[in-house]
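To keep things clear, I will list the structure first and then write my remarks on it.
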Amino acid sequence: MTTAAIQVRGIRKSFKDLDVLRGVDFDVASGSIFALLGSNGAGKTTLVRILSTLLKADAGTASVHGFDVAATPNDVRQSISLTGQFAAVDEVLTGRENLILVARLRHLKDPDTIADGMLARFSLTDAGGRKAATYSGGMRRRLDIAMSLIGDPPIIFLDEPTTGLDPQARIEVWQTVKDLAKAGTTVLLTTQYLDEAEQLADRIAILHKGTIIQNGTLAELKQLLPSAQVEYIEKQPSLEDVFLALVGETEGDPS
């Protein structure tokens, strides 16, 4: 059986009288993409903050990469990387300088070589010498994810990674996420976009009003609805049909 990289049992969190998480349970298999799907206010970001040790749960247990989130937070932090809803790059620095800075903060050897490797991996070599302020939304997000992966964390949390991006930039980020999973990284992705979960996730958990109301593969979730019924619908001609019909009739007419 595939090992669980993340295990969540009975997690609860309230802010004063507001119950944000009401007993959340799920597992994430190693090397898979797990999508936490829910509308704004469902509790997705709160759960990610708990799993990344930025927030303490009121009840329940969670382990990440085999480490208990509450008991051994330092070990958890060594095993993960977190990318928030907006790219956390320094726009004054170049893309390469951003990567070198993170490598130095992680006390890694040869930060220049690490930066060049990341630029190549994320197709940013040509833009590496430009300031991050000049990057498109998709390039900035790819740089942000590259910075998160310095040090090769086995688990990465992506909290609504395509928020505010145009369609082309979203596709770029989607491909980046797929490549991460292919390389063996475990990805927990939060999103409110149905197509994003459908495109990326091996498993999808629907978080609604603080609880997981359904959890499964895309095929399993689709089976929850009745089979599609085939119905005959009369197709009305479009303007294109009319135009082509008229042009075809008059083709070769000298007048």
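Restricting attention to region 7-43, which residues are within 22 Å of R77 (Cβ to Cβ), surrounded by fewer than 23 Cβ atoms within 10 Å (Cβ to Cβ) and under 19 Å from the mean Cα position of the chain (by Cα)? Across region 7-43, the qualifying residues are Q7, F26, D27, A29, S30, G31, S32. Restricting the search to strands (runs of 3 or more DSSP E) fully inside region 12-66 and requiring at least 1 residues that are without any contact (Cβ under 8 Å) to a residue 40 or more places away in the chain, of a type in the set (A, V, I, L, M) and touching a Leu at 6+ places or on another chain (Cβ under 9 Å) gives an empty result. Under the condition of being within 24 Å of the chain's Cα centre (by Cα) and of a type in the set (D, E, K, R), which residue from region 90-105 is modelled with the highest pLDDT? So, considering only residues that are within 24 Å of the chain's Cα centre (by Cα) and of a type in the set (D, E, K, R), the one modelled with the highest pLDDT is R96. Restricting attention to region 195-246 and to residues that are at pLDDT below 90 and among the hydroxyl-bearing types (S, T, Y), the residue that is farthest from I33 (Cα to Cα) turns out to be S238. Can you tell me how many residues in region 109-139 are of a type in the set (S, T, N, Q) and in a helix (DSSP H, G or I)? Number of matching residues: 2. Filter region 75-89 down to the residues that are assigned to a loop (DSSP other than H, G, I, E, B) and over 13 Å from the mean Cα position of the chain (by Cα), then identify the one that is surrounded by the fewest Cβ atoms within 10 Å (Cβ to Cβ). Step by step, filter region 75-89, then rank; the result is A88.
The values are calculated or read from the model by the stated rules, or taken from the named source; none is laboratory data. Just so it is clear, the structure is predicted and the values come from calculations on it, not from any experiment. Neighbour counts run over all protein chains shown; Cβ positions are idealised from the backbone, glycine included.
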